[in-house]
1. Being part of a helix (DSSP H, G or I) and more than 10 Å from chain A (Cβ to nearest Cβ) is the filter here; which residues of segment B:171-187 pass it?
2. Determine if segment A:28-42 includes at least one residue that is within 12 Å of chain B (Cβ to nearest Cβ) and not charged (D, E, K, R).
3. Please find, among A:D25, A:D57, A:D15, the residue that is under 23 Å from B:Y77 (Cα atoms) and either assigned by TED's automatic domain parsing to the domain that holds A:G105 or surrounded by fewer than 18 Cβ atoms within 10 Å (Cβ to Cβ) (or both).
4. So B:L12 fits all but one of (1) more than 20 Å from B:G125 (Cβ to Cβ); (2) more than 17 Å from the chain's Cα centre (by Cα); (3) away from every other protein chain (no Cβ under 14 Å); (4) in contact (Cβ under 8 Å) with a residue 60 or more places away in the chain; what number is the exception?
5. Condition first: surrounded by fewer than 24 Cβ atoms within 10 Å (Cβ to Cβ), more than 8 Å from every other protein chain (Cβ to nearest Cβ) and assigned to a helix (DSSP H, G or I). Now tell me which residues in segment A:203-241 satisfy that.
6. If we only count helices (runs of 4 or more DSSP H) wholly inside segment B:20-126, which ones have 3 or more residues that are under 30 Å from A:P170 (Cβ atoms)?
7. Exactly one of these conditions fails for B:A56: (1) more than 14 Å from chain A (Cβ to nearest Cβ); (2) touching a Gly at 6+ places or on another chain (Cβ under 6 Å); (3) at pLDDT 95 or above. Give me its number.
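The values are calculated or read from the model by the stated rules, or taken from the named source; none is laboratory data. What you are looking at is a predicted structure, and each value in this text was computed from that prediction instead of being measured. Note that we place each Cβ from the backbone using ideal geometry, even for glycine, and neighbour counts take in every protein chain shown.
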Amino acid sequence: MKFTLKIWRQKNAEDKGGMVTYQVDTVSPDSSFFEMLDQLNQQLISKGEDPVAFDHDCREGICGTCSLYINGRPHGPLKGATTCQLHMRAFRDGETIYVEPWRCGAFPVVKDLIVDRSALDKIIQAGGYISVNSGGVPDANTIPVPKPNADSAFDAAACIGCGACVAACPNASPMLFVGAKISHLALLPQGRIEAERRVRQMVAAMDSLGFGFCSNTYACEAECPKEIKIANITRLNREFLAAKLAAEKEQTGGFAI
Amino acid sequence: MALAGVFLLVFLAVHLGINLLLLADDGGKAFSAAAGFMGTHPVIRIFELALFGGFALHIAFGVIVSIRNRKSRPIRYQHRSLSETSPFSKYMMHTGMIVLLFLVLHFIDFYFIKIGVVSPPPGIGRHDFYSRAVALFSDPAYSAIYLFSFLVLGFHLNHALQAAAQTLGLNHPRFTPLIKAASALYAMIIAGGFMAIPLRFTLFN
C-alpha cells in the first residue's frame, strides 16, 4: 500500500512547528500504524534526516503511552483501540493521512508528535489514591462489594490514562479520565472513605491546570480506546455536587460552575 | 448554567402556553387577557426579575465557559474533528447566540414598547400585544426570522434537558434514555408550538 502522510513536525517545545508531507510506499496492509511510521523513520534516517518522534511502549494497547490524532480522531478510525492496535488495512490505498499530536494547552508539545501529559499525573496526585495501605487480598466476603459496583469499578479501572478523551473533546476537557478515576475508587469500600475529599481535590486540580470544561458532547466516550462510559462523568458530577453541597464539616476550596 | 437553563425551560413552556392563545379565533381576547394578567400581577412582576436573572446567569456562564474552552486548545487541529458527538452539542454557543439575537429583537418589538422605552407604531396601543403580533406576523420577513430563530432554539433545546441531567449527575439505566427522549420531545413541542403561530398568521390569513 502507498500513503501520503501529513505529519506535525516540531523540533522542540519552543519551535513553532508545522505540517510536513511524506510519502511511504510498499507498506504491508498487516503492518501496524507504528510499523508504518518505523518504515518512514528508516527512510528519513537513511536520507540523514531527523526521524519523527512519537510516543509508544507496550504496542499491545494496555500501557496508555501511545497517542496521535489521526485524520481527525484520537487513535485513528478504529473504535475501542489504541494507535498501536491500529493496522494499515483500516485505511484506503493511496489515502492521505493527517498525523497530529494531542492538542490541549495543558499538554505542551515536547517534540513532533510527543506531548507532555503530566497534567493528568498532577490530577492523580491531587487525590487519585487511597491514603492507607489497604492490605493484601482479604478472605472472600469479609468486605462485601455489590456485584454491579465491582463491575462498574472494574470497567472504570480499564482507563489507561492516554488522554484521548482530552484530545477528542472540543473543549479539551479531561472529565472522562477524572470520572473514570473517581468511579474506580468511589465504588469500592476502600476508596469510598476518601471519596468526598478526593473529588473536591481532583476537580480543583483539573480546573487549575488549564483544561476546558465539559459541555456534554460525549466525543470522549466515542473515542476512548477502553470504551469508558459517559456514566463515569455523571458519577463525577454527582459525587462533586454531593461533596460540595453536603458535608459533615465545612470544607475549604473554591466552588466551580 | 444547567440550573439556570432548567429554569428557562419552565419559562418557555409558560410563554408558549400564552402565545398559543393567539391561535384562538376570538380576535385576541384570550391572549390579551393572559398578557394583561402577566403584565400586571404583582407575583409575576417579581418573577420577571428572577427570569431576567436566570437569563443573565445562563448567558454569562455560557460565555465564560466558552471563552475558557476555546483557550484550553490554543493550537487547533489541522484536520477537522471526525469524532461522533451528541447532535448540536458542539454548537450550543452558536445556537445560543442566534437565540440571543432574537431575544434582542423580541425586546425591541415588545418589551421596550411595554415599558415605554420605544414608542409603539401608529394605531397600536402600548399594551395591545395582540395587534402588535398580528402586524409583525403580516410581514413575511419578520415571520421568516421568527421561524428560523425557533428552529435554532429547537436544536439548542434538544441538547439542553439531557445535558442538564448529566451535569447535575442524574444517571439511571432506565431514566437516562427517557430524559433524552423527553429532551427531544420538549424541543420539538417548543419549536413546533412557537413556529405554528406565524405559520397560522402567514398562511391562513
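1. The answer is B:F175, B:P177, B:L178, B:I179, B:K180, B:A181, B:A182, B:S183, B:A184, B:L185, B:Y186, B:A187.
2. Within segment A:28-42 (the criterion being within 12 Å of chain B (Cβ to nearest Cβ) and not charged (D, E, K, R)), the answer is no, since none of the residues qualifies.
3. A:D15
4. Every listed condition holds for B:L12 apart from (2).
5. Selection gives A:A204, A:A205, A:D207, A:S208, A:E221.
6. B:42-71, B:92-106
7. It fails just one condition, (2).
Residue-wise test of (1) loosely packed, with under 14 Cβ neighbours inside 10 Å; (2) away from chain A (no Cβ under 14 Å); (3) modelled with pLDDT of 95 or more.
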{"residue": "B:A2", "(1), (2), (3)": "no, no, no"}
{"residue": "B:F7", "(1), (2), (3)": "no, yes, no"}
{"residue": "B:L21", "(1), (2), (3)": "no, yes, no"}
{"residue": "B:H41", "(1), (2), (3)": "yes, yes, no"}
{"residue": "B:L49", "(1), (2), (3)": "yes, yes, no"}
